[in-house]
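K.L.:
I am attaching a structure below and will ask some questions about it afterwards.
Read the figures in this text as sums done on the coordinates, not as results from a lab. Quick caveat, the model's predicted, so the values are computed rather than measured. Every residue, glycine among them, receives a Cβ derived from its backbone with ideal geometry; neighbour counts consider all protein chains shown.
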Amino acid sequence: MEKKISTKEILAGMLGCQELIDDLGLELKNKTLLECFEEVIERARRDREYSRDYADYFSLDDKLIAAKRLELETIAEEYGISEWQAALFAIVIELCKGEDIRKGQLVERLKTSFISYLSIEKDLRELEKKFLIKINNRDCISVSNEVIDLLRENKPFRKPSYEGLSTGIILSKMNRLFHDYDEGNSKLLLEELDNMILSNPATSIAKTADSYRILIEGDKIICPEIINDYLNSMNKNERMLFYALIHRYDYYNDDECEWWDFRDFYNEYEFDSIHANFKENKLALQRMEVIEYANIDGMSVKDRFRLKDEVKEKIYADVGGLHESTPMAGLMEYGTITQKSLFYDQDVQKQVKTLESILSAERFNEVTKMMKSKGMRNGFTCLFYGAPGTGKTETVYQLAKRTGRDLITADVTKIKSYWVGESEKNIKELFRKYKRCVKESKVAPILLFNEADAIFGIRKEGADRAVEKMENSIQNIILQEMESLDGILIATTNMTQNLDKAFERRFLYKIKFDVPSVEVKSKIWHSMVPDLDEEQTRKLASMFNFSGGQIENISRKKMVQSIITGTEPSYEEMVEFCREEMIGNNRQTGNKIGF
């Protein structure tokens, strides 16, 4: 291959002087990139003409190229561009000064007509393809901070290579491209995304694009104007939507998008066209079942949509699918739950036993299979309600223990957020993770909402305040999830009057936990304080209308007292503990239900 001869070598050769070659080479070698840019700018700058802002004006012509050819050659070689593009690049950097400049301003500063300017627009696009400049949809030109920072260090910016990337790195780079987009050139953004996928055909994200004919493995960048390419792959507008949906899911954890989220990626005609085709179910993304309508407030809303879970599974296959590497928050394995004896009145005992039988692994599978065959909802939803301390929460724990089911407790305080939209995302994410746990578990875990009135409350009519709208939205999401539940959800509450009627209707089983009878309380006393005789436990059960939780408090006080004094408290001291518990109970305020 013939070696390219530089201008300095041609000049030196014509003069026949090797020393000149060496001197020119040394002189240029000692110049930094910044110095080369400075010399080009000084030569290109015209005398300042009087104006209100004393603006700089520049000449971009053959005289500049001839006068500063050595410097321009250095810049061109370092950045992989032509000498003319190097001169244009230097002028753009100087004019932008870390901000942006409109095309009209560039025309004005170059003292050229707009028609003449059109001849250099191709060079601007080439600089953009090298990632040296950005041109957004408003025709504003800018130079990225990364390019400037490297120039400050006398290092050229290199366009990133997309070969040899993993799915994880592709997702990271995709997020960066979208983050840096800022209403930039959507055509260039799409080319970069396509190149990244096509350069790494072995990755799960590329295989997914190939399987749904979004991009065909090994193809060149698809040109939607060529009918054969259009038939082989989706058109550019749908490809952009596919990538943008991945970005929103991966970066923002947003799994329900609306069309407004993507408006900046299309011109007005493209946006109206793809939106209209979506409404008529004509998109290839719909035909190939890549996207689906989202469910809002229990209804399918056509202007909200998402990537289907099976598509996301394929995309994320290389990075473990959608399964999180860390255990789900609030997950308690049934083997870690301490087994306890619980005592109920006859009616409650019967209902709890029935529920325990249904939730046993063998019977539960049989029942859900039958419900599915009849076209009925197969999710199990249960509400435990009643006075505080009557064993509602502990019953859930013991049901999990006895039926061999792990328990996932929803943290309501973490679900609710002050940030707009975050609470809704949190509740969606909770149910998404629960669905995954159900899918991956041999025995479906139980999802527990403890003190559910904090999140299952009555929806506000005509909600105007942001907090009210947020709470209504959360409740609507939960209602929809309960409709499509494939698993077991149990909610507990002390205040049934605060529950929305729509929630009450969706609970298949409802068990009321009353304050236990004297007989049951006697058994609880004996279970928790076994050194009391039968007469003493009956007396205490008759004297004090305590729940199991209050009796447990007294048993703990007894233990603390014995540790401090070294002697077991007497029966009289136990009665005093009970009176203290009653005083505390009388101080309670609020509308909690007492049964």
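K.L.:
Taking only the alpha-carbon atoms of region 421-577, what semi-axes of the equivalent ellipsoid follow from 5 times the gyration tensor eigenvalues under a square root, in whole Å, largest first?
P.N.:
After diagonalising the Cα gyration tensor, the semi-axes are 43, 19, 16 Å.
K.L.:
As a test of the definition: which semi-axes, in Å, follow for region 501-583 when you take the square root of five times each eigenvalue of its alpha carbon gyration tensor? Largest first, please.
P.N.:
Whole-Å semi-axes of the equivalent ellipsoid: 31, 14, 11.
K.L.:
For ASN365 and THR413 in one chain, what is 0.36 nm times their gap in residues minus the Cα-Cα distance, to one decimal in nm?
P.N.:
Going from the current span to full extension adds 14.0 nm.
K.L.:
Just the Cα atoms of region 331-513, one point each, no solvent: what log10 I(q)/I(0) does Debye give at q = 0.13, 0.16 Å⁻¹?
P.N.:
For the requested q values the scattering log ratios are -0.67, -1.02.
K.L.:
How big is region 31-152 along each principal axis, measuring the range of its Cα positions in Å and listing the largest first?
P.N.:
For region 31-152, the Cα spread along each principal axis is 35, 32, 26 Å.
K.L.:
What distance in nm separates the simple spin-label points at SER116 and ASP345, each placed 7 Å from Cα in the Cβ direction?
P.N.:
Here the answer is 9.7 nm between the modelled labels.
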